[in-house]
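Following: one structure in structure tokens, then a few remarks.
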Amino acid sequence: MRFNSIHMDRAVGAVLASAAGDALGSQYEFAPTLSDDTPVSFGRGTFGHAVGE
């Protein structure tokens with residue numbers, strides 16, 4: 001199977017979106033589920049990340 005530029009763009013997009021989701025979700029890993037009323041804030045998470053890290 002040969003990949004053209006459309007296939008390559010989709011593959012790269014899938015990998016980048018997966019990495020972004022993993023980075024943003026790391027604050028909430030292994031933590032209890034948040035209620036809908038809880039405001040979402042970034043800062044120190046389960047792994048002790050600094051703000052913006």
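The numbered conditions (1) surrounded by 10 or more Cβ atoms within 10 Å (Cβ to Cβ); (2) assigned to a loop (DSSP other than H, G, I, E, B); (3) modelled with pLDDT of 85 or more are all true for E53 except (3). Scan segment 6-37 residue by residue and report those that are polar (S, T, N, Q) and modelled with pLDDT under 80. Residues satisfying the conditions are S26, Q27, T33.
The values are calculated or read from the model by the stated rules, or taken from the named source; none is laboratory data. Bear in mind that the values here come from a model prediction, so they are computed numbers and not experimental data. Cβ coordinates were reconstructed from backbone atoms using ideal geometry, including for glycine residues, and neighbour counts include every protein chain displayed.
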